Structures are given as C-alpha cells and as structure tokens.
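Okay, so here's the structure we're looking at.
The values are calculated or read from the model by the stated rules, or taken from the named source; none is laboratory data. None of the values given here were measured: they were computed from a predicted structure. Note that each Cβ is placed from the backbone with ideal geometry, even for glycine, and that neighbours are counted across all protein chains shown.
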Amino acid sequence: MPKKLDFKNLRFCLDNYTPDFLYIRLVGSKGGDIKVNEDLIDKKLDFRKNKSGLYMLVDSKEVFYFPLKNYDKGFSLGYERVQPTDDGIGRMIALSQGIDPYDENLPEPQKSILRTVLDDHLMEISFEGRINLKFHSWWEKPYWKNWTIDKPGNIAESICKSQEEQGLNS
C-alpha cells in the first residue's frame, strides 16, 4: 500500500472493521521484546497522530508511542488463509507478494493483519475475516500493484470494481 496513505488507511480500517488484537514488539536485532500484546475484544482501538508522533490508544488510554523518527516502510495487509485438509485440521497457506487478493482459487481469509515497522518496532493489528482492498495504482506494471483499503461489503462488487480500475474489464 502507498506509504503516503498509511494513516488514512489505518483510520479507515479502525472506522470500518473491528480489530481483535494489537501486537507491538521490537524488531529482531533490536531484541524482539514484546511491548504490547493486547486482546481487543470488547475494547476500542484508536490512534492519535501529530507532529510529535503516533500514539496508539486502547479504550482512550495510551498503550504505545511511536516518535516516527525511523519510518521507512509503509503499511502492508496480509491475509491468514487456511486450506482445508482431509484430517479436518487444515493448513496455513503462505503466499508471495503480488498475489491478487481476490483470487477465487484461494480460500477466503479467516483473518486480516495490518502491519508496519515504525521506529524499530513491528506493529500488527489483527481483524477477523477479510479487510477489502481496492486497486490504487501500478507500482511496477504488469506484476506489482499498490492497493488501498476499501469499505466492507459485497466481495463480487469489490472484485469487479478492482478489475475495472486495473483496466482488466476492457
């Protein structure tokens, strides 16, 4: 997703989807220490961003502060997909980047994870089910696309709209 839309996408996610978990830890070589490991069921996740940085809030209480001094990459959205198996347990599907999020050959996501690295900390916000995406722009045509968060709703409508924006329905 384009970095310039990070906080717009974060606001859109929190206003339109229900987060169920917040996880913040130091990035590996910095120690990997867990700073926030918060179940968000029956809680409200929010944020405040100003010139001094980004404040993550749970039930209006600050749980973590990012000064945004080291902010090189933007947010990404990953899906947790489980392929059914004969034993009934299922197996996690790992996909490389550049996969169409609406590929009908893939199982529906059970979880969506919005993640980024800010100030040497990994932040992941989990949401139950699918967070819809829509095509934003070409990063490197014809293989790499930039996506942005779309409103919840009809998957078929999102697929059709995304294909039109990419010029695939012409």
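Tabulated data for the structure shown
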| read-out | value |
| --- | --- |
| Of all residues in the range 106-123 being surrounded by fewer than 16 Cβ atoms within 10 Å (Cβ to Cβ) and of a type outside the set (D, E, K, R), the one that is nearest to residue 149 (Cα to Cα) | 110 |
| Entirely in the range 1-96, the strands (runs of 3 or more DSSP E) that have 1 or more residues that are at pLDDT below 90 | 76-80 |
| Test: residue 114 is in a loop (DSSP other than H, G, I, E, B) and either at pLDDT 75 or above or β-branched (Val, Ile, Thr) (or both) | no |
| Residue in the range 12-58 that is farthest from residue 78 (Cα to Cα), counting only those that are free of Cβ contacts under 8 Å to residues at least 12 places away in the same chain and not small (Gly, Ala, Ser) | 51 |
| Any hit, the range 152-163, residues being surrounded by 11 or more Cβ atoms within 10 Å (Cβ to Cβ), modelled with pLDDT of 85 or more and closer than 30 Å to residue 37 by Cβ | yes |
